[in-house]
Each structure stands twice: as structure tokens, then as C-alpha cells.
1. Could you tell me whether the stretch 290-304 includes any residue that is within 16 Å of the ligand (Cβ to nearest atom) and either surrounded by fewer than 21 Cβ atoms within 10 Å (Cβ to Cβ) or assigned to a strand (DSSP E or B) (or both)?
2. Note down all Cβ pairs under 7 Å where the first residue falls in the stretch 98-117 and is aromatic (Phe, Trp, Tyr), the second is near the ligand (Cβ under 10 Å from one of its atoms) and part of a helix (DSSP H, G or I), and they're at least six residues apart or on different chains.
3. Could you tell me which residue of the stretch 93-122 is modelled with the lowest pLDDT, considering only residues that are among the hydrophobic types (A, V, I, L, M, F, W, C), assigned to a loop (DSSP other than H, G, I, E, B) and near the ligand (Cβ under 7 Å from one of its atoms)?
4. Consider residue 90 against the criteria (1) within 14 Å of the ligand (Cβ to nearest atom); (2) not in a loop (DSSP other than H, G, I, E, B): it satisfies all of them except one. Which criterion is unmet?
5. Which residue pairs have Cβ atoms closer than 6 Å, lie 6 or more positions apart in sequence or on different chains, and pair a first residue in the stretch 206-222 that is closer than 22 Å to residue 280 by Cα with a second residue that is of a type in the set (Lys, Arg) and part of a strand (DSSP E or B)?
6. Mind checking which residues of the stretch 460-476 are modelled with pLDDT under 90 and farther than 22 Å from residue 117 by Cα?
7. Residue 93: surrounded by fewer than 19 Cβ atoms within 10 Å (Cβ to Cβ) and either touching a residue at least 24 places away in the same chain (Cβ under 8 Å) or under 25 Å from residue 363 (Cβ atoms) (or both), yes or no?
8. Condition test on residue 156, is it among the β-branched types (Val, Ile, Thr) and more than 16 Å from residue 63 (Cβ to Cβ)?
Amino acid sequence: MSAYSQQTPTLLNHHLLPMIPFALKRPALRLLLLVSLAVLTAIAGSQWSPAQSQTAAPTYAQDIAPILNSSCIECHYPGGIGPFSLRTYTDAKNNADKVAGATADRFMPPWRAQAGWGEFQNERRLSETEIAKIQAWAAAGAPAGNLSQLAPPPPIPASNWRLGQPDQVFTMPQAFDVPDQGDDIYRYFVLDGALLEDKTVVAIDFQPGAKAVVHHANFFVDYEGRGRKLAAADPLPGFSTRETGGFMDYGGASAIGGWAPGVDPYQLPPGIGGYLRQGGDIVIEIHYHLNGEAQRDRSRLGFYYAKAPVEKYIEGLIIGTQDLDIPAGETDYWRHFGMDVPADMELVDISPHMHYVGKEMQAIATLPNGTQKPLICIPDWDLDWQNTFVYRQPVPIPAGSRIDAWFRYDNSAANPANPNKPPVNVQWGWQSTDEMSEIYLGIVPENWRDGPKILEASQASWWQWATPEQIPAPCG
Ligand code: HEC
């Protein structure tokens with residue numbers, strides 16, 4: 001273990017993740033079946049009617065460029081967060097098989113929530129028709145079609161700040177040297193520029209400095225100066241909290257968001273803001289995943305402030321359970337927890353959270369009249385693509401409703417994300433190889449006076465025995 005890594009590394013296995021799912025996930029198998037059926041039909045068809053085999057395959061110019069331009073190149077451009085560009089025909093042709101694999105499996109574009117379970121901002125999903133076109137195009141050898149008629153792709157974004165220049169940018173005070181080799185590093189940095197005034201934030205975005213090794217980041221406002229003290233006592237830039245197991249486990253800091261490659265900037269709906277009290281420090285936690293080349297990182301966090309008074313302030317709730325004890329080898333370990341909603345509120349965003357052996361989750365609100373509102377479902381949990389899912393319209397949840405959540409864990413060797421080979425018993429804990437079972441909810445109370453009551457109700461969720469009864473049907 002290197003001096004400042006705090007969590008057991010899971011990098012090797014983790015690294016393989018993007019490749020393994022193609023072979024294992026159900027949709028891929030289904031598609032394979034479809035493709036073989038199509039081939040069979042084509043063969044059968046060609047015996048009976050030779051015209052069948054002449055059906056033109058989709059071309060890049062006519063069919064594929066529009067899909068890549070609208071759904072992929074926002075990340076896949078030179079210098080973008082995607083591992084290669086998809087802006088030109090050559091780019092697309094050179095990666096045709098990978099593109100076909102990643103889209104068939106719905107690994108790309110990255111969006112892990114199930115359609116029909118909540119309507120979210122920036123939802124990205126290809127239609128079955130688009131996926132089938134890409135398949136047929138790749139299978140036909142990625143034909144170009146008439147490139148002369150192709151409109152140029154949209155321009156490369158001028159700034160990596162996807163919402164434009166932030167009102168305030170907080171930069172790491174010093175660069176942090178990330179070695180070429182070793183275990184993953186979890187490091188915390190107190191950023192320049194304490195929050196000197198009260199501020200209303202409406203959006204947050206993050207710019208990794210050393211993109212190749214910044215694996216994810218979490219942001220906090222520290223109102224008690226704990227981070228400042230820890231950083232002062234540490235000879236290297238920032239600090240690590242190996243001793244305490246994380247920065248979140250104390251009450252003096254509020255978590256205000258996070259970032260992972262591909263995650264959208266956190267943007268609140270119109271009229272809603274997040275209130276930051278004067279005197280806080282911004283602390284970011286960065287997880288570095290070493291890649292064989294030494295790097296210097298100086299990441300930045302951008303805040304966008306309200307330009308007009310907001311009507312509503314968002315509040316954060318965490319519901320969940322620490323009652324987790326997942327036997328090695330167990331494939332179907334379920335937890336069920338919930339919250340009784342004591343006052344009218346609106347649900348603005350939702351972020352389910354598990355670690356590596358987490359497999360699927362869903363959450364439903366049952367209203368007092370019995371109506372069930374699906375809030376979110378993630379049928380194939382993927383730690384790499386966690387997101388804060390912001391609803392297109394905040395979801396009204398009246399007093400007397402109940403929010404229920406079900407989480408499943410697969411702690412068997414068959415789960416490619418399992419960091420332990422062979423599997424070991426896994427319990428609740430702060431390390432990434434421990435597990436969690438929780439949901440962060442961004443809410444606005446209908447009447448601000450009800451805020452504390454709602455907070456209390458969410459805390460009560462942690463004291464209920466988490467039972468696996470009434471396991472719901474899978475959503476995906
Ligand atoms: C929001 C950003 C984003 C969008 C949109 C996006 N990608 Fe990606 N893509 C990424 C990132 C980041 C990776 C690297 C993921 C990793 O290694 O875990 C990636 C990886 C890939 C890979 C490599 C997968 C592998 O084998 O490891 C392919 C292929 C791909 N993307 C194709 C696409 C296609 C096709 C689209 C559009 C239909 C698309 N991507 C949309 C960010 C994006």
C-alpha cells in the first residue's frame with residue numbers, strides 16, 4: 001500500500017469491467033439471438049429470393065453519422081472524456097465493432113437508469129431502431145455511403161465547462177503528484193477561496209486536471225475547519241483520512257455533489273437553489289486510479305450562482321440501512337428500506353448508492369391514495385456510472401406517502417465487479433470494498449417549516465430493520 005491510499009484497491013478487476021459486460025448481460029445475449037435469427041432469415045431468404053440479399057445496408061453518411069453526432073460526440077471528440085473521437089467517418093469506421101458492441105449492450109451512451117422509471121434531465125438512450133442500424137452497419141463492414149453530402153459535425157465545444165464559464169472557480173491550491181504505479185489513492189483537498197459570503201448555487205461542474213487518472217470526485221462544504229486542520233498536518237498537498245475512514249462520517253460537512261467521467265454537470269431546475277452558508281471551506285475528495293504514467297493533477301470545481309432570487313431551497317436527505325452482512329457467494333442478497341413522508345414535498349433529484357457487489361435497485365413512492373409512482377430503477381448497477389438523476393419536473397410527494405427502495409447484491413464470483421476473488425463476506429462500511437445501501441434525495445418541502453420534520457423521517461429509515469420481504473419484479 002502506498003502511503004496515502006486509504007481504500008483497498010480494486011483496480012484490476014475494475015479496469016476489466018467495460019469489456020466483460022458484453023458477454024454477460026442479458027440484452028447482449030438477446031441481441032446475439034436476434035442477430036443470429038436475422039442471419040438465418042437472410043440465408044433462408046436468399047435461397048428463395050435473391051433480391052433479399054441486396055437490401056442496402058445502412059451507411060455512415062445517411063444513417064450512422066446523425067446518431068453519433070447527436071448521442072456520442074459530446075464526449076467522443078479529440079480532447080473529450082471519451083477514449084476516442086467519433087467525429088469523422090474514419091473514427092467511426094476504425095471503431096465500428098466496438099461501437100456496435102457498446103451500443104447493443106447499452107453500455108453507451110452511458111445511462112444506467114431504466115426507461116419509464118422517472119423522467120430525468122439529460123436522459124440519453126438510443127432507440128432499438130438506432131441500435132439495430134449500428135449493428136447492421138458494422139456487420140456490413142462500416143460502409144461510408146455518400147460522404148460528399150454529409151453535413152459537418154457540430155463544432156467541438158469551446159470550453160470544457162459544459163454550462164459556460166462558472167461564476168466562481170475553485171482550484172486545488174497546489175498540484176498533487178500522482179505516481180505512475182501503486183494502489184489507488186484517495187486524497188482530499190481544501191480548495192482556494194473559502195466561501196466568504198452566503199451563496200445560492202444553482203449548478204456545479206468539475207474539471208479534472210489529470211484526466212487520465214482522476215477516477216471520480218466528491219465535493220463537500222466543511223463548516224468546522226476539519227479539512228483545513230488535516231491538510232495543515234500533512235506534508236503533501238491535501239490530506240488522507242485513512243484513520244477515520246472517510247470525510248463524510250462527521251456532521252460538520254455537507255456533501256454537495258460528485259463527479260465521474262461522463263456525469264453531467266449538476267444543474268438544479270429553474271427556481272430551485274442550494275444555499276451555502278458563509279464561512280465554509282470547499283473540500284474535494286479525489287480518487288486517483290494510477291495508470292503507469294506519473295501525472296500532476298490540479299483539478300477545478302466551478303460554481304454557478306443564482307442570477308435571480310430562487311423560490312425554493314433544496315435540502316438533502318439520506319435514506320438507507322447499515323444492516324448489511326452479505327455472505328460470500330450469495331447472489332440474491334436483498335435489502336428493503338423506506339421512509340414515511342410526513343409533509344408535502346417535491347423530489348428534485350435522486351442518487352442511489354452502492355459499491356461493487358451492488359447489482360440492481362429500484363425505488364417507488366406509494367401515495368396516500370394508493371397510486372404507485374416509480375421513482376428510479378437501475379437494473380444493472382455500475383459503480384462507474386453513478387449519477388445524480390435530476391427529474392425533468394420535480395415529483396410531488398404528498399404527506400402520508402411512503403418511499404420504498406429495494407437493493408440487490410451479488411457477492412458471488414460470477415459478478416465481474418466483485419473485487420474479492422474468491423468472494424469474502426461483505427458488510428456495511430466506508431471502504432469501497434465494503435458495501436452501502438442508500439439513496440440521496442434532493443427535496444424541497446412545500447412549506448419550509450416542515451424541513452426538520454422531513455429530515456427526521458428520513459433519519460428514521462436507518463433504524464428500521466431492513467427486511468427483504470416483497471421482492472419486486474425486476475424492471476429491466
Ligand atoms: C457522457 C459521455 C459519453 C457519451 C455521451 C458517450 N460516451 Fe462512449 N465512452 C465515454 C467514456 C468516459 C468511456 C470510457 C469508459 C470506460 O472505460 O469505462 C467511453 C467508452 C466508449 C467505448 C469503449 C467501450 C469499451 O469497450 O471499453 C465505446 C465503443 C463508446 N464509448 C462508444 C460510444 C457511442 C457509440 C456513443 C453514442 C451512442 C457514446 N460512446 C456516448 C463517454 C461517453
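The values are calculated or read from the model by the stated rules, or taken from the named source; none is laboratory data. Computed from a prediction, not measured in an experiment: that's the story for all the values here. Here the Cβ is made from the backbone with ideal geometry for all residues, glycine too, and neighbour counts use every protein chain on show.
1. Yes, some residue in the stretch 290-304 is within 16 Å of the ligand (Cβ to nearest atom) and either surrounded by fewer than 21 Cβ atoms within 10 Å (Cβ to Cβ) or assigned to a strand (DSSP E or B) (or both).
2. So the pair list comes out as 107/21.
3. Within the stretch 93-122, the subset among the hydrophobic types (A, V, I, L, M, F, W, C) is 96, 99-100, 102, 104, 107-108, 111, 113, 115, 117, 120.
Restricting the remaining residues to those that are assigned to a loop (DSSP other than H, G, I, E, B) gives 107-108, 111, 113, 115, 117.
Next cut, near the ligand (Cβ under 7 Å from one of its atoms) only: 107-108.
Values: 107: 91, 108: 94.
Checked the stretch 93-122; the qualifying residue modelled with the lowest pLDDT is 107.
4. Failing condition for residue 90: (1).
5. As it stands, the answer is 207/300, since those pairs meet every condition given.
6. 462, 463, 464, 465, 466, 467 - these are the residues of the stretch 460-476 that are modelled with pLDDT under 90 and farther than 22 Å from residue 117 by Cα.
7. Yes; evaluated as a whole, the condition is true for this residue.
8. Working: among the β-branched types (Val, Ile, Thr): yes; more than 16 Å from residue 63 (Cβ to Cβ): yes.
Against the criterion (among the β-branched types (Val, Ile, Thr) and more than 16 Å from residue 63 (Cβ to Cβ)), residue 156 qualifies.
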